[in-house]
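K.L.:
Handing you this structure, nothing more for now.
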Amino acid sequence: MDKGRQVFRICAGNLKRISGNPRLYLAFAWFAMTIAFYMVQVRRLAYSLGETVSAWVFPLLMVKSGNQMFFILGAVLLFCDAPFLYDNSGWQILRAGRRTWFWGNILYIGVLSLLYTAVVSLLPAVFAIPKLSLANEWGRLIGSLGQTNLASQSGLTSLSYIIMSRYSPLEAMGIAGLAAWLNAILVGVVSYAANLLLKQGAGAVICMAMGLTPVIISGALPPVSYFAYYLSPPSWINPENYNRRGYGAAPSPLYIYLAFVVLIAGCVLAARIGIVKKDLYTIQDI
C-alpha cells in the first residue's frame with residue numbers, strides 16, 4: 001500500500017511540475033493553430049446556413065496527415081525531458097526506491113497522455129461554440145462537407161464521408177481517441193527509454209521521425225503506401241485506416257492494438273532494466 005501511494009505521489013508531483021511549464025500550453029496551442037482556420041470557417045458556414053456543428057469532428061480532422069504529425073509533435077514537447085530527473089529526484093529515489101520511482105513516472109506518462117488527448121480531441125468543439133451540437137449525429141452541415149461540393153465552394157477541404165458512413169460520431173471519437181492516447185503513451189515511453197539508454201534528446205529525434213511518417217506515406221504510391229500503414233502508428237489515429245471487415249489493405253484493429261501493446265511494453269521493459277542498472281543524474285528542467 002505504501003509503495004502504491006508513493007507511485008501516485010510521484011505521478012502527482014510530475015503533473016504539478018508540468019502544469020507550470022510553458023511546454024504544456026505550447027503543445028495545446030500548437031495543435032489548436034493547425035485546426036483553427038478550418039473550424040472558424042465551418043462555424044461561419046453554420047451561421048450563414050442556420051445549421052449547427054457536431055462536437056465530434058476530431059476524427060474527421062485527423063484524416064489529414066499534417067494534423068497527425070502535429071499531434072505527435074505536441075506529445076514530443078510534453079515528454080522531451082524524460083526520464084524526468086530533476087533536483088528533487090535523488091531525494092525521491094532514496095525514499096521510494098528506483099523501481100517505485102520508475103513506475104510513478106510511467107503512470108505519469110499514461111495520465112498526462114490521457115489529459116493531452118482529451119483536451120486536443122475537444123479543441124475542435126471549442127472553435128464551434130456557440131453553434132455546437134452534442135447529438136450523436138454528424139448533422140447536415142458536416143455531412144454536406146463530406147458528400148457535396150459545399151467544401152470546395154467554401155474554399156475548404158472536404159471531410160471524410162468514409163468515416164461518416166462507417167461510424168457514428170461517438171464510435172469514431174472512441175477509435176481516434178484511443179489511438180491518439182496510445183500514440184502519446186508510445187511517444188512518452190520511447191522518449192523515456194531512448195533518453196535513458198542512449199542520450200538525452202535521442203527520444204525526441206526518434207519520435208519526431210515517427211511523427212513524420214504519415215506525411216511521408218501520403219506522398220507514397222501503392223503498394224508501398226499500403227505496406228507503410230502497418231509501420232506508422234500516427235496513421236492509426238485516422239479511422240479510415242482500419243480494416244474492420246477483412247477488405248482492403250489497411251491493418252486490422254487486432255494488428256493495431258497488438259502492435260501498440262508490443263511497442264509500449266517493449267519500451268517500458270527496456271527502460272525498467274535501464275533504470276536499475278544505469279547511473280542516474282539530474283537534468284535542468286526545460
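K.L.:
Any residue that is under 30 Å from GLY139 (Cα atoms) and either open to solvent by less than 10 Å² (accessible area, probe 1.4 Å) or not in a helix (DSSP H, G or I) (or both) - is there at least one of those in the range 28-38?
P.N.:
So far as the range 28-38 goes, yes, one or more of its residues are under 30 Å from GLY139 (Cα atoms) and either open to solvent by less than 10 Å² (accessible area, probe 1.4 Å) or not in a helix (DSSP H, G or I) (or both).
K.L.:
Shifting gears a bit: Within the range 42-62, which residues are open to solvent by less than 10 Å² (accessible area, probe 1.4 Å), part of a loop (DSSP other than H, G, I, E, B) and touching a Ser or Thr at 6+ places or on another chain (Cβ under 8 Å)?
P.N.:
ALA55
K.L.:
Let me ask you something else. Can you say whether GLY110 is at pLDDT 90 or above and on the phi > 0 side of the Ramachandran plot, as far as the supplied structure shows?
P.N.:
No.
K.L.:
Okay, moving on. Could you give every pair whose Cβ atoms fall below 6 Å, whose first residue belongs to the range 85-105 and is under 16 Å from VAL7 (Cβ atoms) and aliphatic (A, V, I, L, M), and whose second residue is at pLDDT 80 or above and surrounded by 14 or more Cβ atoms within 10 Å (Cβ to Cβ), counting only separations of at least 6 or pairs across chains?
P.N.:
From residues that are under 16 Å from VAL7 (Cβ atoms) and aliphatic (A, V, I, L, M), the pairs are ILE93/TRP101; ALA96/GLN6.
K.L.:
Among the residues in the range 89-98, are any out of contact with any Asp or Glu (no Cβ under 6 Å at 6 or more places or on another chain), of a type in the set (A, V, I, L, M) and closer than 28 Å to GLY174 by Cβ?
P.N.:
no
Here's the yes/no breakdown for (1) touching a residue at least 24 places away in the same chain (Cβ under 8 Å); (2) within 20 Å of SER232 (Cα to Cα):
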{"residue": "LEU114", "(1), (2)": "yes, no"}
{"residue": "LEU122", "(1), (2)": "yes, no"}
{"residue": "GLN147", "(1), (2)": "no, no"}
{"residue": "GLU171", "(1), (2)": "no, no"}
{"residue": "ILE175", "(1), (2)": "yes, yes"}
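K.L.:
Can you tell me how many residues within the range 171-192 are open to solvent by 10 Å² or more (accessible area, probe 1.4 Å) and within 20 Å of ARG245 (Cβ to Cβ)?
P.N.:
Final tally of qualifying residues: 4.
K.L.:
Determine which member of the set LEU122, LEU150 is open to solvent by 20 Å² or more (accessible area, probe 1.4 Å) and either at pLDDT 95 or above or closer than 30 Å to VAL189 by Cβ (or both).
P.N.:
Of the residues listed, the single one that is open to solvent by 20 Å² or more (accessible area, probe 1.4 Å) and either at pLDDT 95 or above or closer than 30 Å to VAL189 by Cβ (or both) is LEU122.
K.L.:
Only helices (runs of 4 or more DSSP H) wholly contained in the range 98-176 count here; list those with 2 or more residues that are closer than 13 Å to VAL57 by Cβ and in contact with a helix residue (DSSP H, G or I) (Cβ under 7 Å, 6 or more places away or on another chain).
P.N.:
Passing ranges, in order: 98-128, 139-147, 161-166.
K.L.:
Could we say that SER158 is surrounded by fewer than 21 Cβ atoms within 10 Å (Cβ to Cβ) and touching a Ser or Thr at 6+ places or on another chain (Cβ under 8 Å) here?
P.N.:
yes
K.L.:
Look at ASP87 and say whether it is in a loop (DSSP other than H, G, I, E, B), open to solvent by 30 Å² or more (accessible area, probe 1.4 Å) and either over 20 Å from GLN41 (Cα atoms) or touching a strand residue (DSSP E or B) at 6+ places or on another chain (Cβ under 8 Å) (or both).
P.N.:
yes
The values are calculated or read from the model by the stated rules, or taken from the named source; none is laboratory data. Quantities reported herein were computed from a predicted structural model and do not represent experimental measurements. In this analysis, Cβ positions are derived from the backbone assuming ideal geometry, glycine residues included, and neighbour counts consider all displayed protein chains. When the accessible area is computed, the model is the full protein with side chains, heavy atoms only, and any ligands, DNA or RNA have been set aside. Shrake-Rupley method; radii C 1.70, N 1.55, O 1.52, S 1.80 Å.
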